[in-house]
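Bear in mind these aren't lab numbers, they're just calculated from the coordinates by the rules spelled out. As the structure is a prediction and not an experimental result, all values here were calculated from the model. Counting neighbours? That spans all protein chains shown, and the Cβs are built from the backbone with ideal geometry, glycine included.
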Amino acid sequence: MQQGKTMMAVVKDEPGPGFAWKEVPCPEIGAGQVLVQVKAVGICGTDIPIFDGVRSVPEGLIPGHEFAGVIAQVGQGVEGWAVATGWLLAWSKAVADAITARLAKSQCAENILELGIHIHGAFTTFHCRAPELSTSAARQPLV
């Protein structure tokens with residue numbers, strides 16, 4: 001994306017019930033990241049308490065953690081992923097030790113980062129991710 005471009009996003013911009021529909025900066029990808037054009041987002045049970053204002057999230061958060069899209073741009077050093085490749089993403093990524101990750105218990109890790117809860121999610125047009133941070137990123141044709 002070009003610097004200075006904007007997009008529309010669902011944003012939790014204040015405590016209490018509700019979301020806002022706001023113009024936000026398009027993400028800039030760095031080395032090792034891909035920019036995904038979001039094509040579909042599921043509404044999860046986790047999104048409801050965020051909307052209702054009973055689950056605390058960072059101010060300005062873009063929610064949405066279950067999504068599919070198409071890679072729009074590939075950052076330097078990314079291998080095995082290409083523009084126009086389909087993308088599916090799991091709901092969380094644990095920043096945990098290798099043993100926890102190997103045991104596939106990332107949702108139980110101490111230092112968890114949940115997409116759309118702790119870090120920006122996909123209720124927007126573009127989402128920037130590092131492929132290795134996606135617990136179930138998969139190349140799939142999108143129908």
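Taking other residues whose beta carbon is less than 15 angstrom from the beta carbon of PRO15, and scoring Lys, Arg as +1 and Asp, Glu as -1, yields -2. Using the Cβ-Cβ distance between LYS5 and SER56 with R0 = 25 Å, the FRET efficiency computed as 1/(1 + (r/R0)^6) comes to roughly 0.25. Checking the a/c ratio against 1.5 first, then a/b against b/c, what shape does the Cα gyration tensor give for the range 1-62? In terms of gyration-tensor shape, prolate.
Protection proxy ranking, highest mean first, for peptides 23-31, 119-127: 119-127, 23-31, where packing is the per-residue count of other beta-carbon atoms within 10 Å, averaged.
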